[in-house]
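Q: I'd like to ask you about the structure that follows.
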Amino acid sequence: MFGPTVDALKSFCWKIRCPPKMKHFLWQLVTGCIAVKKNLQARGINGDICCARCDTDEESVNHVFFECPPALRVWALSKIPSNPAIFPTGSLFTNMDHLFWRIYPQLDDHQFAWILWYIWKGRNNKVFSNLDMDPRETIKLAETESTLWAEAQIVK
Ligand SMILES: [Zn+2]
């Protein structure tokens, strides 16, 4: 399953309709290069690897974006349909594959890029400033910013 299909995910990152910084972020996400605690541990950096937002599970990439309770709330509030059997699941690969190609009914934008971006901001707010970002605030930011960006593209 891994190999060419992960390559397909990686190359699609650059085709997503979002700002370059987000494309780069998504690329890091599908390659697993995001600095979550579990990845830092794999690189030999010691410290606790428990998720700061829920204090229950290990902080893996999939946990932060698709399993942690505040992240699940964000997806539930979003216009992307949630279904425990299909999305979000325990597999990062399956989740990204779903967001890239399998959202049904199909959406005419790539708002998921902003959602992932602001979930990551929420995680960082907690880890670095001990601030709790409300999932409703996260989804509102994602919706507002993606709309503004889309409008700016038309003006250009
Ligand atoms: Zn968590």
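The values are calculated or read from the model by the stated rules, or taken from the named source; none is laboratory data. Please read these numbers as outputs of a predicted model, since none were measured by experiment. So basically every Cβ, Gly included, is an ideal-geometry build from the backbone, and we count neighbours across all protein chains shown. Calculation scope for accessible area: heavy atoms of the full protein, side chains included, ligands and nucleic acids excluded. Shrake-Rupley method; radii C 1.70, N 1.55, O 1.52, S 1.80 Å.
Q: Could you list all residues from the range 62-79 that are away from the ligand (no atom under 12 Å from the Cβ) and under 13 Å from the mean Cα position of the chain (by Cα)?
A: Val74, Trp75, Ser78
Q: If you go through the range 129-137 one residue at a time, do you hit one that is out of contact with any Cys (no Cβ under 9 Å at 6 or more places or on another chain), modelled with pLDDT of 95 or more and of a type in the set (A, V, I, L, M)?
A: yes
Q: Can you report the number of residues in the range 108-156 which are open to solvent by 60 Å² or more (accessible area, probe 1.4 Å) and not in a loop (DSSP other than H, G, I, E, B)?
A: Looking only at that region, the number is 16.
Q: Further question on the same structure: Looking at Cys18, Cys13, which is the one that is in contact with a His (Cβ under 6 Å, 6 or more places away or on another chain), more than 16 Å from the ligand (Cβ to nearest atom) and open to solvent by less than 60 Å² (accessible area, probe 1.4 Å)?
A: Within the list Cys18, Cys13, the selection yields Cys18.
Q: Can you run down the residue pairs with Cβ atoms below 6 Å, 6 or more apart or on separate chains, where the first is in the range 60-81 and open to solvent by less than 10 Å² (accessible area, probe 1.4 Å) and the partner is among the small types (Gly, Ala, Ser) and within 12 Å of the ligand (Cβ to nearest atom)?
A: Taking only residues 6 or more apart or on different chains, the pairs are Phe65/Ala71.
Q: Here's something else I'd like to know. Quickly run through the range 2-36 and pick out the residues that are more than 16 Å from the chain's Cα centre (by Cα) and of a type outside the set (A, V, I, L, M, F, W, C).
A: Passing the criteria: Gly3, Pro4, Thr5, Asp7, Ser11, Lys15.
Q: Go over the candidates Val30, Val36 one by one and state the one that is open to solvent by less than 80 Å² (accessible area, probe 1.4 Å) and more than 22 Å from Asp132 (Cβ to Cβ).
A: The match here is Val30.
Q: Please enumerate the residues belonging to the range 39-59 that are without any contact (Cβ under 8 Å) to a residue 60 or more places away in the chain, within 14 Å of the ligand (Cβ to nearest atom) and of a type outside the set (Ser, Thr, Tyr).
A: Asp48, Ile49, Cys50, Cys51, Cys54, Asp55, Asp57, Glu58, Glu59
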